[in-house]
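Inspection log for the structure reproduced underneath, given as structure tokens.
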Amino acid sequence: MSFSDTSLQLEATDRMLAHAAELASQGRLAEAEMLYQDSLKNIVGLYGARSLKACSCLLELSDVYYHNEQYAEVITLLEQVLVTSQSEEIFTDEKLLSIKFKLGRALEKSGNLRQAGECYSEVLNKAKVVCGPESAFTKTVAECVRSLAKRFAQTSSGESTAEHQDSSIHRFLREVPRNRAYNSEIDSHPQLFRRNLRAIITIPTACILVVWLFFSGVLEDKTSSHIEKAKESGASATAALNPTDLAECAGHYSSTDGIKQFDVQDGGKGVLVFGPDAEEVKVSKLSGELYAESEGLRVVFRPTGNSLVDEKGVKLFKRGTPELGVIAAARKLASDFNRYYARYGKYPRSQMSLQSAGISYSNALTLRPTQPKLMAVSSDNASSSMTLSDYQNANWMATNLLAMNGAMGEPGGIEVHVFPISSLGETVFIRGFDRDGHLLPSSSAGKCFTIVLVAGNVSK
């Protein structure tokens, strides 16, 4: 196969992966699954079954299965990735912890609680060393361990209570006979009369009691029952929209690029920001959703973890979350790269140049100084050998970097793509990853957060 044919297949595979990620983000999971499976066949033929590309495709496919609640398939794929990574060493320690944590979640969802507990414990012990005991990831895993321990305790308590109740019932049945038989030859006539008298008195008394309860219930229903029910339903509806229930959601939320912002106050008020426009809104909570309303405006948000998702699928992160810490680190990196360009007339193109210039960032999850990963870097003399097809491929790759293409990376990490050959000048793309290793989204649905640098300046 010629070089050009291989290059075309590589481009087609990347396009299939990008399209599959787009379908998954739109909720079209069945189509995304088929496309990921087709892409995996091409990847195995081009890169090999034990390559980083193949493992990344398996991880993306496992996400689709997870959303479909096909946990057995998720467990199989993740275990395959972990075995491959153990022999090939293709993932960082942080990434391996993220994969093992996902495996624990799948095991828990599938009902394998004991295996999930063992997986969580292993991840927690390693996370304390790799990420630090105070990192957000370590705390999340510790919370899962505690939650699973509570489920075990409740299950054990429920089983022991049920056993106790069963044994009590059996003892009761053994001690009390089902039928009371009287022997006329042994019992005397006065004794028989007293026993029959108790039965004669009990029957009419019970009838009178039932009649009295019936009429009492009817009168009560006619006078106050429907009123009380109406009050209860009205009270529950009022409570559902009560602004005081917003305390747990109160705070400032922002998209990664800051274009969309939402300030939620526990008093039932808020400020909604879209670009340069800001508007005061009334905030209420109903059925787990937040409503921001004013005259002619009504926006619905779905809380998920420490973030809000609007009707267009744009995610707004709460102030103080690690994802916004990744954004701050990415902006600092952009300033460092532009200072480097101002001094040397070009951007750094190797990990060694980053190290010598002291360019690094603090991972928002592990809180450790980390160097960004340089990706898709061309050599200095690439312009003399690049053809028109190479230029078109470079432009396509640059455009693809702005989309949610399903790429996976280090949780809380940052990657940098440098393109020395560009019609605008040397160009740099800086992207970040959330706590699960997925690309951080922007305020535009289907696009990821990206800082673009062109010839020493931030592109608008």
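Return the pair list, or none, for Cβ contacts closer than 8 Å from residues in the range 433-460 that are in contact (Cβ under 8 Å) with a residue 24 or more places away in the chain to residues that are in a strand (DSSP E or B) and surrounded by fewer than 17 Cβ atoms within 10 Å (Cβ to Cβ), at least 6 apart or on different chains.
So the pair list comes out as PRO441/LYS447; ILE451/VAL458; VAL452/VAL458.
Quick one: which residue in ALA116, ALA106, ALA149, ALA142 is small (Gly, Ala, Ser) and either under 28 Å from GLY48 (Cβ atoms) or part of a loop (DSSP other than H, G, I, E, B) (or both)?
Working: ALA116 fails: either under 28 Å from GLY48 (Cβ atoms) or part of a loop (DSSP other than H, G, I, E, B) (or both); ALA149 fails: either under 28 Å from GLY48 (Cβ atoms) or part of a loop (DSSP other than H, G, I, E, B) (or both); ALA142 fails: either under 28 Å from GLY48 (Cβ atoms) or part of a loop (DSSP other than H, G, I, E, B) (or both).
Selected residue: ALA106, the only one of ALA116, ALA106, ALA149, ALA142 that is small (Gly, Ala, Ser) and either under 28 Å from GLY48 (Cβ atoms) or part of a loop (DSSP other than H, G, I, E, B) (or both).
In this structure, is LYS95 in contact with a strand residue (DSSP E or B) (Cβ under 9 Å, 6 or more places away or on another chain), crowded, with 16+ Cβ neighbours inside 10 Å and at pLDDT 85 or above?
Yes, satisfied.
What is the one condition in (1) surrounded by 15 or more Cβ atoms within 10 Å (Cβ to Cβ); (2) more than 24 Å from CYS131 (Cα to Cα); (3) in contact with a helix residue (DSSP H, G or I) (Cβ under 8 Å, 6 or more places away or on another chain) that CYS55 does not satisfy?
Going through the list (1) surrounded by 15 or more Cβ atoms within 10 Å (Cβ to Cβ); (2) more than 24 Å from CYS131 (Cα to Cα); (3) in contact with a helix residue (DSSP H, G or I) (Cβ under 8 Å, 6 or more places away or on another chain), CYS55 breaks only (2).
Among the residues of the range 16-29, are any touching a Ser or Thr at 6+ places or on another chain (Cβ under 6 Å) and surrounded by fewer than 17 Cβ atoms within 10 Å (Cβ to Cβ)?
no
Which of the following residues is modelled with pLDDT of 90 or more, touching a Phe, Trp or Tyr at 6+ places or on another chain (Cβ under 8 Å), part of a strand (DSSP E or B) and not assigned by TED's automatic domain parsing to the domain that holds SER362: VAL300, VAL273, VAL283? Outline the logic, then answer.
Numbers: VAL300 fails: modelled with pLDDT of 90 or more; VAL283 fails: modelled with pLDDT of 90 or more.
The unique qualifying residue is VAL273.
Does THR84 fit the bill of being polar (S, T, N, Q), in contact with a Lys or Arg (Cβ under 7 Å, 6 or more places away or on another chain) and part of a helix (DSSP H, G or I)?
Judged against the criteria, THR84 is a match.
Limited to the range 303-325, what total is found for residues that are outside any strand (DSSP E or B) and either under 14 Å from the mean Cα position of the chain (by Cα) or crowded, with 18+ Cβ neighbours inside 10 Å (or both)?
Number satisfying all stated conditions: 10.
Could you check LYS285 against (1) of a type in the set (Lys, Arg); (2) buried (at least 17 other Cβ atoms within 10 Å of the Cβ); (3) without any contact (Cβ under 8 Å) to a residue 40 or more places away in the chain and say which number it fails?
Only one criterion is unmet by LYS285, namely (3).
Taking GLY432, is it in contact with a Phe, Trp or Tyr (Cβ under 7 Å, 6 or more places away or on another chain) and assigned to a strand (DSSP E or B)?
Details: in contact with a Phe, Trp or Tyr (Cβ under 7 Å, 6 or more places away or on another chain): yes; assigned to a strand (DSSP E or B): yes.
Yes: the conditions hold for GLY432.
Take the range 52-81 and flag every residue that is part of a helix (DSSP H, G or I), acidic (Asp, Glu) and out of contact with any Phe, Trp or Tyr (no Cβ under 9 Å at 6 or more places or on another chain).
Selection gives ASP63, GLU79.
Which of the residues spanning the range 123-139 are surrounded by 16 or more Cβ atoms within 10 Å (Cβ to Cβ) and not in a loop (DSSP other than H, G, I, E, B)?
Correct list: VAL123, LEU124, LYS126, ALA127, VAL130, ALA136, PHE137, THR138.
For the range 60-75, give me each residue that is surrounded by 18 or more Cβ atoms within 10 Å (Cβ to Cβ) and in contact with a Lys or Arg (Cβ under 8 Å, 6 or more places away or on another chain).
SER62, TYR66, TYR71, VAL74
The values are calculated or read from the model by the stated rules, or taken from the named source; none is laboratory data. All values derive from a computational prediction rather than experimental measurement. Here Cβ is always computed from backbone atoms with ideal geometry, including for glycine, and neighbour counts include all displayed protein chains.
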